[in-house]
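As structure tokens, the structure follows; a few thoughts come after it.
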Amino acid sequence: MRASNVSREFVLGQERVQAVRAVDMELCPARMVLIRGKSGSGKTTLLNIIGGLDRPTSGVVFYHERDLHIFSEREMTRWRRTKAAFVFQAFALIPGLTAAENVDVPLRIAGISPRDAGKRALQYLDMVGLAPRAHHRIYELSGGEQQRVAVARALVKEPEVLLADEPTGELDQTTGHRVLALLRSLAHERGIAICLTSHDPSASDFADEVYSMKDGQLSAERSAA
């Protein structure tokens, strides 16, 4: 994926706010990109634009050199369902379902049999250290456990592109590092293009490329070799 001169402006009352300013960046297979920055710097807005959840005021986001934002609604839905995955800060889990049921939802939507979907869900929960909690309902899990369920749900589809907004925000340092190491290994081994935001200073140790964002502007700290 490639963002070319992407900007996003919001109007708040009489004020115009430039959340993202003329950003250029690429997401390549088998690479993990980290965007660092304070709250309000524009990180989440940029992820939403790259993921087709929001439209840029100007500029273009390309997916395999096609303008993502001229996809039809049907194409966009299919792309999000099969090619892209998201980890949201608010988790967006279904409280009445178990951890395993939350993880296998994307697979069932894709038409995979309940048996196979359930088996794969357990494999990915095990990857994030949650196999013993697989059959607990979401409201029975801690915030950190819910965050790991959200990560497993995003990964279970084996997407081409993974966008993660603060995926370790609710985790202790040891578990956070385990999740970051898992994301990096999956990017390298399975060719996933991963872009994540994080306040964790140590997250840069796991990323292939590191960018910082301030007042909507993106600058490279460590780019691809």
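For (1) under 21 Å from K43 (Cβ atoms); (2) in contact (Cβ under 8 Å) with a residue 12 or more places away in the chain; (3) not polar (S, T, N, Q), each residue gets a yes or a no:
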position: F91; (1), (2), (3): yes, yes, yes
position: V105; (1), (2), (3): no, yes, yes
position: I112; (1), (2), (3): no, no, yes
position: R120; (1), (2), (3): no, yes, yes
position: Y124; (1), (2), (3): no, yes, yes
position: G129; (1), (2), (3): no, yes, yes
position: H136; (1), (2), (3): no, yes, yes
position: A150; (1), (2), (3): yes, yes, yes
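Hey, can you tell me all the residues within region 1-35 that are acidic (D, E) and loosely packed, with under 13 Cβ neighbours inside 10 Å? Before the answer, list the steps.
As a first pass, look at region 1-35 and keep what is acidic (D, E): 9, 15, 24, 26.
If the condition is that a residue be acidic (D, E) and loosely packed, with under 13 Cβ neighbours inside 10 Å, then E15, D24 are the ones that fit.
Evaluation of G144 against the conditions (1) touching an Asp or Glu at 6+ places or on another chain (Cβ under 9 Å); (2) not in a helix (DSSP H, G or I) shows that the sole unmet condition is (2). Restricting attention to region 93-110 and to residues that are more than 19 Å from P167 (Cα to Cα) and among the aliphatic types (A, V, I, L, M), the residue that is least open to solvent (accessible area, probe 1.4 Å) turns out to be L107.
Does A85 satisfy the criteria of being closer than 23 Å to L183 by Cβ and buried (at least 16 other Cβ atoms within 10 Å of the Cβ)? Let's see the steps before the verdict.
Numbers: closer than 23 Å to L183 by Cβ: yes; buried (at least 16 other Cβ atoms within 10 Å of the Cβ): yes.
Judged against the criteria, A85 is a match.
All conditions in (1) at negative phi; (2) touching a residue at least 24 places away in the same chain (Cβ under 8 Å) hold for N5, with the sole exception of (1). Taken over region 55-82, the criterion of being open to solvent by less than 50 Å² (accessible area, probe 1.4 Å), touching a strand residue (DSSP E or B) at 6+ places or on another chain (Cβ under 6 Å) and assigned to a loop (DSSP other than H, G, I, E, B) is satisfied by P56 alone.
Listed conditions (1) out of contact with any strand residue (DSSP E or B) (no Cβ under 7 Å at 6 or more places or on another chain); (2) open to solvent by 20 Å² or more (accessible area, probe 1.4 Å); (3) part of a helix (DSSP H, G or I) are all met by K38, apart from (3).
What are the residues in region 194-224 that are among the hydrophobic types (A, V, I, L, M, F, W, C) and crowded, with 21+ Cβ neighbours inside 10 Å, if any? Can you show your working first?
If we filter region 194-224 for residues that are among the hydrophobic types (A, V, I, L, M, F, W, C), which is where we start, we get 194-196, 203, 206-207, 210, 213, 218, 220, 224.
Result: I194, C195, L196, A203, F206, A207, M213, L218.
Going by the structure shown, is A90 at pLDDT 95 or above and either small (G, A, S) or crowded, with 19+ Cβ neighbours inside 10 Å (or both)? Talk me through it step by step, then tell me what you get.
Numbers: at pLDDT 95 or above: no; either small (G, A, S) or crowded, with 19+ Cβ neighbours inside 10 Å (or both): yes.
Here the answer is no, as A90 does not meet what is asked.
Taking the condition in a loop (DSSP other than H, G, I, E, B) and either open to solvent by 70 Å² or more (accessible area, probe 1.4 Å) or in contact (Cβ under 8 Å) with a residue 24 or more places away in the chain (or both), does D116 pass? It is false that D116 is in a loop (DSSP other than H, G, I, E, B) and either open to solvent by 70 Å² or more (accessible area, probe 1.4 Å) or in contact (Cβ under 8 Å) with a residue 24 or more places away in the chain (or both). The residues in region 194-204 that are in contact with a Ser or Thr (Cβ under 9 Å, 6 or more places away or on another chain) and either assigned to a loop (DSSP other than H, G, I, E, B) or of a type in the set (A, V, I, L, M) (or both) can be counted, and the count is 5.
What are the residues in region 148-193 that are in a strand (DSSP E or B) and either among the basic types (K, R) or open to solvent by less than 10 Å² (accessible area, probe 1.4 Å) (or both), if any? Break it down into steps so the answer makes sense when it comes.
Of the residues in region 148-193, the ones in a strand (DSSP E or B) are 161-165, 193.
Of everything in region 148-193, those that are in a strand (DSSP E or B) and either among the basic types (K, R) or open to solvent by less than 10 Å² (accessible area, probe 1.4 Å) (or both) turn out to be V161, L162, L163, A164, A193.
The values are calculated or read from the model by the stated rules, or taken from the named source; none is laboratory data. Here the structure is a predicted model, which means the values were calculated and not measured. Every residue, glycine among them, receives a Cβ derived from its backbone with ideal geometry; neighbour counts consider all protein chains shown. Only protein heavy atoms, including side chains, enter the accessible area calculation; ligands, DNA and RNA are left aside. Shrake-Rupley method; radii C 1.70, N 1.55, O 1.52, S 1.80 Å.
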